């Protein structure tokens, strides 16, 4: 009975169909993610995030040993 496909697709056929559907779903999800990334990169927020990442990668300028905030009495 397991080998008879007269009652519908066999187990191997169902597994193959599921595999193909999964591949299609992954491809569509990747395409949608790429499109969202491109839209984000073009947006003001995306440009600001990119500028922030570039600034973070630059080496920090060493100060002359002076503290940034100075304490004053009075």
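Only the coordinates and a few stated rules stand behind these numbers; no lab work does. In this text, all values refer to a predicted model and were calculated from it rather than measured experimentally. Cβ atoms come from the backbone with ideal geometry, glycine included; neighbour counts cover every protein chain shown.
Considering the chain, its Cα convex hull presents a mean projected area of 12.6 nm². Using the rule -39500 (n - 2.57) for each DSSP H run of four or more residues, divided by the residues of the chain, the 222 nm mean residue ellipticity is -22000 deg cm²/dmol.
Sorting 31, 66 from the fewest to the most surrounding beta carbons within 10 angstrom yields 66, 31.
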